[in-house]
Structures are given as structure tokens and as C-alpha cells.
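A.B. asks: My structure is below; once you've seen it, I'll send some questions.
The values are calculated or read from the model by the stated rules, or taken from the named source; none is laboratory data. Everything numeric in this text was worked out from a predicted model, so none of it was measured. Reconstructed Cβ throughout: ideal geometry from the backbone, glycine too, with neighbour counts over all protein chains shown. Areas reflect the complete protein model, heavy atoms only, side chains present, ligands, DNA and RNA absent. Shrake-Rupley method; radii C 1.70, N 1.55, O 1.52, S 1.80 Å.
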Amino acid sequence: MPDRTACVLVIGNEVLSGRTRDANIPMLATGLAGLGIALREARIIPDVHEAIVSALHDVRDRFDLVFTTGGIGPTHDDITAEAVSAAFGVELEQNPDAVKRLRDYYGPEHLTPARLRMARIPSGAALLDNPVSAAPGFCIGNVYVLAGVPRIAAACFDLLKPGLAGGAAIISRAVSAAVRESDLAVSLGGIQASFPDVDIGSYPFMTPTGYGVSIVARGTDPERLDQAAAAVADAMRALGVEPFFADHAAAADESS
């Protein structure tokens, strides 16, 4: 399994209220897996200074990389930059390079005080390019601070990828069948014990015709994944059903 790990902090009351559905966790999880970095934890926290600082203190020493999304816009409730500064014990300052990027994007006559809020960066942080709307994210220590808008977050993350590679890509094999998860449970436990280097998950779903389950094996060794998937398929056949295979875990998206 991968040596490098990551955590995501989604910051925003709008996500906690249910008004906005987060799209950044799946984007980052998929992108990091392709780089050989395992996303091990994700949290959704409010736009509350103390909550952000506390979360950063908790996770930045436990994971190799920490990504935050949200809270770096132009309004009063965008407080992520202040909280990150506090967590690292540095000053929050108006970054000249960030000001220039915003001035070039908006034009000097439209660089309002609200927009200048997006140029406030913790002292010592490196700016992250934003090819969509110019307002930069930033990186300090092992913490990468991204916008909450999914299109912007994805564009910024794409530019970061070349410098984040952690090893062999995390890949998956999925085996599905029209069988109850509980009928497969004992066999699945034995298979997991035989493949300790493979992360095996079980994801039940319902179809108009009845029950089903997708078993997803994740890891970095294609041969081991194929062997684990074959063992799962044999267990399904022993229950009298014919499995079907997929290279990725798309079927598991239906799980509850």
C-alpha cells in the first residue's frame, strides 16, 4: 500500500447545511490515488476560526499532505487564510504577487477592497496558481489551501500534480454479483486475510430485480489485485451466481 497519505478539510457552512454538495473530496481522492497517495481522512468543518485551527493542529502532523477547500474568497465569512496563519503562528499579510495577479485579472479600477481580501496570504506561504479566476491558493508547510469552487479547485490541483507524486498509482478491481452481502461475508473475511496488502471493500446495492453487492479491491500491484478479484469471483460462484468484472469501482457508487 502507498507510503504517502493525505487528508482533506472541506471548510464551509454551506456544505454542512446541505445547501451545497461537496465535489472536491472525490476529485482529490481520485487525483491523489493516481499519484500513489492515499487519502486517509476527510472532514467537513464550519467557517469557524477555532474549528479550522483545531483541525489543522490535529491533522498536519499525522498526514504527509493536507488539503483544505473553501473559505478564501472575498466575503466576511471567508476566514481560512486567517485560521491557517494562526495555526502556523505567522502573520497574515497582503502578498504583493497576489495583488498583482488580481490587478491584472480585474483591472486597477475594479480591484475593490473585497477583492483585495483574496490577496491576504500567511507570511512565508507560496502561492498556488489559479488558471480560472487568478485569485491564488497557497501552500505553507504540508498544507495546500484551495478554493471551494470545484472548477477552480480542480484546475489548481492539476497544476500541483507534477510535484506531488508519491509512488505507484493506486488502482482497483471491482467484482459484482446479484447476491446478498451477508451471504458473502464469511468468504470475504478469509480473502482479506489472504491478501493483507490489498484493501478490500464491500458495497451493497439494490436494483429493480433485487439485491447485489460490489466487492472492490484496491492497491498498487495489478497482479495481486487480479488474484484477489479472482478469489472473490470464485466465492460468488460458490453461491450459485455469476459475477461480472470492472476495472474501476463505478458500481460501488450505488452503495448506501
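A.B. asks: Taking the criterion of being assigned to a helix (DSSP H, G or I), farther than 23 Å from residue 135 by Cβ and out of contact with any strand residue (DSSP E or B) (no Cβ under 7 Å at 6 or more places or on another chain), would at least one residue in segment 38-54 satisfy it?
C.D. replies: Looking through segment 38-54, at least one residue is assigned to a helix (DSSP H, G or I), farther than 23 Å from residue 135 by Cβ and out of contact with any strand residue (DSSP E or B) (no Cβ under 7 Å at 6 or more places or on another chain).
A.B. asks: Only one of (1) closer than 16 Å to residue 95 by Cβ; (2) in contact with a strand residue (DSSP E or B) (Cβ under 6 Å, 6 or more places away or on another chain) fails for residue 130. Which number is that?
C.D. replies: Here residue 130 meets the rest and fails (2).
A.B. asks: Return the only residue of 199, 183, 221 being in contact with a Gly (Cβ under 9 Å, 6 or more places away or on another chain) and of a type outside the set (A, V, I, L, M).
C.D. replies: None of the other options fit; the residue is 199.
A.B. asks: Looking at segment 37-54, I want the residues that are in contact (Cβ under 8 Å) with a residue 40 or more places away in the chain and have a partner that is basic (Lys, Arg) with Cβ atoms under 6 Å, at least 6 apart or on another chain. Which pairs are those?
C.D. replies: So the pair list comes out as 37/4.
A.B. asks: Continuing with this model, one more query. Collect the residues in segment 75-92 that are open to solvent by 80 Å² or more (accessible area, probe 1.4 Å) and over 15 Å from residue 11 (Cα atoms), keeping them in residue-number order.
C.D. replies: Here is the first cut: in segment 75-92, the ones open to solvent by 80 Å² or more (accessible area, probe 1.4 Å) are 76, 91.
Within segment 75-92, 91 is the sole residue that qualifies.
A.B. asks: Just to be sure I understand, how many residues within segment 8-30 are open to solvent by 10 Å² or more (accessible area, probe 1.4 Å) and part of a helix (DSSP H, G or I)? Outline the logic, then answer.
C.D. replies: Within segment 8-30, the subset open to solvent by 10 Å² or more (accessible area, probe 1.4 Å) is 13-23, 25-27, 29-30.
Restricting the remaining residues to those that are part of a helix (DSSP H, G or I) gives 13-16, 25-27, 29-30.
Number satisfying all stated conditions: 9.
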